[in-house]
Amino acid sequence: MNRRTSCGTVGRVIELRELTKRYGRTTAVDSLTCTVRPGQVTGFLGPNGSGKSTTLRMILGLVEPTRGSATVDGRRFRDHHRGLRHVGALLDGGDVHGGRSARSHLAALAASNGIPRARVDHVLDEVGLAAVAHRRIGGFSLGMRQRLGIAGALLGDPPVLLFDEPINGLDPEGVHWVRGLFRGLAAQGRTVLVSSHLMTEMANTADQLVVLGKGRLLAAESVTDFAGRGARPTVVVRSADGARLAEALTSAGGSVGIEADGALAVTGLTVTRVSELAMDRRITLSELTTRTPSLEEAFMNLTTDSVEFLAGEPQ
C-alpha cells in the first residue's frame, strides 16, 4: 500500500523534553526526555503504573504537563490544525458511543477534521470492518472495537500514529494483521509508537524501544541492544556424562544450572569454550546450542525495581 499523508510529507518526530506530570505528591512521569523517529516501529514499554498512558495523553494534549514539553514536528498537538491529519491515536477502543454505527462514528470524526468522506469507507475496508459498517458499535466484540479504534487512527492518513495496547481482544489472525500493519506504516516513513505489555509482540514488531519505570526513562535503544542488556547468553549443553561435564565447566569459571529435561544451562563461558572443555576430557555431547536472552528476560531484569505490585508479596 503506497500512500501519501494528508500533510504532504511522511515522517514527523515526537520530541519529549523533561516531560513531567505530578498529581499531588505522586509523580506519574518524571523528567522524561527521548525522541521517537519516523521509519520504524517504536515499542513503549513499562510495568503497570510506569507512566506510559499518561505520557501518551500528554503528547495528545489530553493531560497538561506539570513541566517540560511534548511536541510533534516541533509543535504541540493542540497547535496542529485538524489534528487527525497530523497524529492518529488509539487510546481506548471502548471509548465510543455504543448507539452509533461504525460508519457514523468515523463520519463524525472525518467531518470535524475536514477529512473527505471517502476515507471512512477506505479505512473500514482496511481494518476488515466494511461488512459490519452499518452495525451499532454496542454489539461489537472487543476485537472489533480495537479494529474500529485503529480505523479512527488511520482516518486522517497521518504521518504520526500512537497505539495504546492495540493487541487487546484481537484473535491470532488480528494479531498477525496488526503486526503487518504497523510494520507497513513504518516502512512508508511514518512515526509509529506502540505501547504494549506483550513482550512477544514487541519482539516481533518493534525496531526501537522506549522503556519506563516509575515514570523515569530506563532505556531508549534498539530491540537487539535491549534484549542483550542485563542478561548473559546461555549455552545449553547435553551429555550422558553430565556430572563430569558440569564439574569441568564449573572449574573453568562457568555457572552451571540443570534444566528440567536434564540439559546443562551454562553462563560465563562461550559455546566454543564449552566445546573445547568437553573435547579435552573426551566427553561426548549430544547437544550444544546458544540461547540468546529474550526481550522478556531483559525487561524483567531491568524493571524489577520499578514494579508497583509484586505477586506473592504482602501489600
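The values are calculated or read from the model by the stated rules, or taken from the named source; none is laboratory data. Bear in mind that the values here come from a model prediction, so they are computed numbers and not experimental data. FYI the Cβ positions are ideal-geometry reconstructions off the backbone, even for glycines, and counts take in every protein chain you see.
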_For the range 221-263, give me the residue count where each residue is more than 30 Å from Arg37 (Cβ to Cβ), of a type outside the set (A, V, I, L, M, F, W, C) and not in a loop (DSSP other than H, G, I, E, B)._
9
*Would you point out the residue of the range 243-278, among those that are without any contact (Cβ under 8 Å) to a residue 24 or more places away in the chain and surrounded by 17 or more Cβ atoms within 10 Å (Cβ to Cβ), that is nearest to Met300 (Cα to Cα)?*
Val256
*Looking at the range 141-156, which of its residues are in contact with a Leu (Cβ under 9 Å, 6 or more places away or on another chain) and surrounded by fewer than 21 Cβ atoms within 10 Å (Cβ to Cβ)?*
Leu142, Gly143
_Residue tally, condition in a helix (DSSP H, G or I) and either buried (at least 16 other Cβ atoms within 10 Å of the Cβ) or of a type in the set (Lys, Arg) (or both), over the range 67-86_ = 5
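Listed here are the residues, each with its yes/no results for (1) touching a Gly at 6+ places or on another chain (Cβ under 7 Å); (2) assigned to a loop (DSSP other than H, G, I, E, B); (3) outside the structural domain of Arg22 (by TED's automatic domain parsing).
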| site | (1), (2), (3) |
| --- | --- |
| Gly88 | yes, no, no |
| Asp95 | no, yes, no |
| Ala108 | no, no, no |
| Gly138 | yes, no, no |
| Gly156 | yes, yes, no |
*Single residue of the range 264-297 satisfying the filter (under 25 Å from Asn204 (Cβ atoms) and in a loop (DSSP other than H, G, I, E, B)) that is farthest from the chain's Cα centre (by Cα)*: Thr292
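Every residue, every condition in (1) of a type outside the set (A, V, I, L, M, F, W, C); (2) crowded, with 18+ Cβ neighbours inside 10 Å; (3) modelled with pLDDT of 95 or more, yes or no:
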{"position": "Asn168", "(1), (2), (3)": "yes, no, no"}
{"position": "His176", "(1), (2), (3)": "yes, no, no"}
{"position": "Ala186", "(1), (2), (3)": "no, yes, yes"}
{"position": "Met202", "(1), (2), (3)": "no, yes, no"}
{"position": "Gly213", "(1), (2), (3)": "yes, yes, no"}
{"position": "Glu221", "(1), (2), (3)": "yes, no, no"}
